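Single-structure report; data block below.
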Amino acid sequence: GSLVHKRNKSATFNFLQVALDALTIAFAYAVASLVYGLYSDGTSSLPYLWMPIQFALVFLLTMFVVRMYNLTTFFYLDRVLVRTIGACTLSAFTLSVVIFLAQLKETSRFFYMTFLLACSLLLVVQRVVSRKATRWLLKDATRTIFIGDEVDYKQYKHFMEQTMMRNKFISHHTFSDPRVAVAEKFEKYIISHHIDEVVMVQSHKCQFPY
């Protein structure tokens, strides 16, 4: 039971999004370093390398806690903005606490603010763009057919499109469709169309044909 639970968790965990967030934070550090170098006549930003590392740790952990790395979490723009900005705010607060407690008086306020601004903007943009991009990159998506009422199909498809699950809906059928009402024909249809997943939703008005 525990093994199945672990496999299910790994199947719904968005490792790609974790990597994208980490790379975005690293890119924000590179941007801040470039701007800081121009502002301070080539002064190195290496003494501040700890900032993106700590920021990333707090940000990634926060986003994990609020289930933003779960493929089944519904994507609503307001939810993404609130949780991403909230995670950025918490990460920035921890940086401020470390600077204060460690008495890092030599820390450049300009670099600090530039890095936080770059992180916040880039992470929000990346989150929205990456979510939209997954709907276009359906080459390796799960080929799915839906069997049930038209209303149920539209509702199910809408909900699935709000998640990060990679499903490509091949066709929709009612239970009276001869291609699915006869078991032999249904099997041939699945094989010929390379179907990976079949979703059946039975309402009180219809009965399974087999």
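The values are calculated or read from the model by the stated rules, or taken from the named source; none is laboratory data. On a predicted model such as this, the values are computed, not experimentally measured, just so you know. A quick note on method: Cβ atoms are made from the backbone with ideal geometry, for glycine too, and the neighbour counts reach across all protein chains shown. Note: areas computed on protein heavy atoms with side chains; ligands, DNA, RNA excluded. Shrake-Rupley method; radii C 1.70, N 1.55, O 1.52, S 1.80 Å.
What to note about this one:
- Residue within the stretch 170-188 that is in a loop (DSSP other than H, G, I, E, B), modelled with pLDDT of 80 or more and within 19 Å of Thr12 (Cβ to Cβ) present: no
- Matching entry among Val31, Val124 (being buried (at least 16 other Cβ atoms within 10 Å of the Cβ) and under 25 Å from His158 (Cβ atoms)): Val124
- In the set (1) of a type in the set (A, V, I, L, M, F, W, C); (2) surrounded by fewer than 16 Cβ atoms within 10 Å (Cβ to Cβ); (3) more than 30 Å from His194 (Cα to Cα), the condition left unmet by Val151 is number (3).
- Across the stretch 36-75, the number of residues qualifying as open to solvent by 80 Å² or more (accessible area, probe 1.4 Å) and in contact (Cβ under 8 Å) with a residue 60 or more places away in the chain comes to 1.
- Residue tally, condition open to solvent by 30 Å² or more (accessible area, probe 1.4 Å) and more than 25 Å from Glu161 (Cβ to Cβ), over the stretch 76-109: 16
- Looking across the stretch 1-16, the residues that are at pLDDT 75 or above and out of contact with any Ser or Thr (no Cβ under 7 Å at 6 or more places or on another chain) come down to Phe13, Asn14, Phe15, Leu16.
- Residue match in the stretch 17-24 (condition: free of Cβ contacts under 8 Å to residues at least 60 places away in the same chain and under 11 Å from the mean Cα position of the chain (by Cα)): yes
- All conditions but one from (1) part of a helix (DSSP H, G or I); (2) open to solvent by less than 30 Å² (accessible area, probe 1.4 Å); (3) touching a Ser or Thr at 6+ places or on another chain (Cβ under 7 Å) apply to Thr24; the one that does not is (3).
- Figure legend. Inter-residue proximity from the stretch 177-202: first residues within 15 Å of Phe146 (Cβ to Cβ) and open to solvent by 100 Å² or more (accessible area, probe 1.4 Å), second residues at pLDDT 80 or above and among the β-branched types (Val, Ile, Thr), beta-carbon distance below 8 Å, spacing 6+ or different chains. Indicated pairs: Asp196/Thr144.
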